[in-house]
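Report on the structure given below.
The values are calculated or read from the model by the stated rules, or taken from the named source; none is laboratory data. From a predicted model like this one, the values you see are computed outputs, not experimental measurements. Cβ atoms come from the backbone with ideal geometry, glycine included; neighbour counts cover every protein chain shown. Ligands, DNA and RNA are excluded from the accessible area calculation, which covers all protein heavy atoms including side chains. Shrake-Rupley method; radii C 1.70, N 1.55, O 1.52, S 1.80 Å.
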Amino acid sequence: MDTQQLVSFYKKEIEENFWPFWEKAFDDGTGGVFTCFSNDGSTLVSKDKYTWSQGRFLWLCSELYRLSEQGKVSLNKQYLKEMADKTYHFLINHTVMKNQHVLYAVTHDGKPIKGQEDISVFADCFYVIGVTKYADVFADETAFEQAYQVYESIHQRIDQGHFRTEPYPIPVGYSSHSIQMIMLNVAQEVEETAEKFTKPVVKKAKQISERILQELILEDGRIVELRPKDSSNEDTLLANHVNPGHALESVWFHVHSLHEWDKEDQHKNLQILSNVTRQAIKLGWDDEHGGLLRFVDKNGTEPAGRLINDPYEKLILDTWDTKLWWPHSEALYTVLLLYKHTKEEFFLHWYKTFFEYSFSTFPNPDKEIGEWIQIRDRQGEPLQKVVALPVKDPFHILRNFILILKLF
């Protein structure tokens, strides 16, 4: 594998195809980014700002500033700093409530939207990820303290079971991999930055990683996305569905924490994570049309199982055969990361397979717009659908391309 050519490719994608789209979407007046675009990126349909995406955008601005400063990408460093500063101040001034919970969405100028207040702990998590990265890159200890207050609030709510997860509520009677997974990533960001400020924080990343590895990964490598608390519900569609892209994203979170284990456990856990990756690809890859299916059954077929009349079942059944942008960008990074760690040809083969599918399917043919058309049907044709938030989110692709640059 020619790593120099690989780095040059992703550097060019960031500089010429992706960041120009998001630079134009930046709200220069009040800070933050507009994300409510049509799927093809041609039309801004709303100026409402979802905190989830604003925190993610702040992470990107900050990380790209650092890469620009290091000479690893050629972007306007001063403008990146301005975008980061304005987005940070927008988040601090308009999205944090007195109880250190974060608003789900606000208007373009930061006013609360009725019904969009404290309805998703994921908004809080991405606020923390963005503000923590800003604190790290720009050596802003005050920003870290602000992020850490919300971080402590998140843990308190999760420990007490008093939290919501819009747009997809966790079904009653189930525990969700998504909560542990996001908290692993948030803990990693917080702990890494705390070390730079020599702040004594309770380290949780290894503990969370260990819990997932022991409780939510089965012997065959399947990650249980929704684990029923009552064994009588193990025959349900919710218990038996698989989210291949989510599994692949989760893998690299764990790999990033391997250094916290001793050598013997590092080797053991790397084998477990390699197996998770193999299983996610085996179950999720669409042999007929290529690409990863959004949801599948634990047997790799169309999702099936006893229904309990939960709204999430409808999402799984209605969208299982769609092809989404984010699982494919996560797959690109995960298999490259595992290839670098293991040197197994299996992962290099699948990198080439994911690369060929992703870059022949998702790029916007309109070069004036750029970016990717993110939501596709099973055959790879564009769909005008909403996935999670009604936004064209800036995070997954750019984050994965950044991680690939840093990997090599």
Any idea which of (1) closer than 26 Å to Tyr174 by Cα; (2) not in a helix (DSSP H, G or I) is the one Leu315 doesn't satisfy?
-> (2)
Every listed condition ((1) acidic (Asp, Glu); (2) over 21 Å from the mean Cα position of the chain (by Cα); (3) open to solvent by less than 20 Å² (accessible area, probe 1.4 Å)) holds for Glu330 save (2)
What are the residues in the range 93-117 that are under 16 Å from Ser53 (Cβ atoms) and over 22 Å from the mean Cα position of the chain (by Cα), if any?
-> His94, Thr107, His108, Gly110, Ile113
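Listed here are the residues, each with its yes/no results for (1) within 21 Å of Arg278 (Cα to Cα); (2) touching a Ser or Thr at 6+ places or on another chain (Cβ under 8 Å).
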site: Ile316; (1), (2): no, no
site: Glu330; (1), (2): yes, no
site: Lys340; (1), (2): yes, no
site: Ile369; (1), (2): no, yes
site: Ile373; (1), (2): no, no
site: Glu381; (1), (2): no, no
Has the range 329-340 got at least one residue that is outside any loop (DSSP other than H, G, I, E, B), in contact with a strand residue (DSSP E or B) (Cβ under 6 Å, 6 or more places away or on another chain) and closer than 29 Å to Val255 by Cα?
-> no
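Considering Ile113, Ile92, which residue is touching a strand residue (DSSP E or B) at 6+ places or on another chain (Cβ under 9 Å) and surrounded by fewer than 23 Cβ atoms within 10 Å (Cβ to Cβ)?
Working: Ile92 fails: touching a strand residue (DSSP E or B) at 6+ places or on another chain (Cβ under 9 Å).
Every option except Ile113 fails the conditions.
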Residues within the range 116-158 that are out of contact with any strand residue (DSSP E or B) (no Cβ under 6 Å at 6 or more places or on another chain) and modelled with pLDDT under 95, tallied | 2
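This table checks each residue for (1) on the phi > 0 side of the Ramachandran plot; (2) buried (at least 22 other Cβ atoms within 10 Å of the Cβ).
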residue	(1), (2)
Arg227	no, no
Ser232	no, no
Leu238	no, yes
Glu264	no, no
His267	no, no
Gly305	yes, no
Do you know which residues across the range 144-190 are under 29 Å from Leu218 (Cβ atoms), open to solvent by less than 50 Å² (accessible area, probe 1.4 Å) and of a type in the set (A, V, I, L, M)?
-> Ile154, Ile158, Ile170, Ile179, Met181, Ile182, Met183, Leu184, Val186, Ala187
Out of (1) within 19 Å of Glu166 (Cβ to Cβ); (2) part of a loop (DSSP other than H, G, I, E, B); (3) open to solvent by less than 40 Å² (accessible area, probe 1.4 Å), what's the single condition that is false for Gln100?
-> (3)
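Tell me yes or no: at least one residue of the range 1-14 is part of a loop (DSSP other than H, G, I, E, B), open to solvent by 30 Å² or more (accessible area, probe 1.4 Å) and within 18 Å of Ala105 (Cα to Cα).
For the range 1-14, residues part of a loop (DSSP other than H, G, I, E, B), open to solvent by 30 Å² or more (accessible area, probe 1.4 Å) and within 18 Å of Ala105 (Cα to Cα): absent.
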Does Glu344 satisfy the criteria of being under 30 Å from His267 (Cβ atoms) and more than 19 Å from the chain's Cα centre (by Cα)?
-> yes
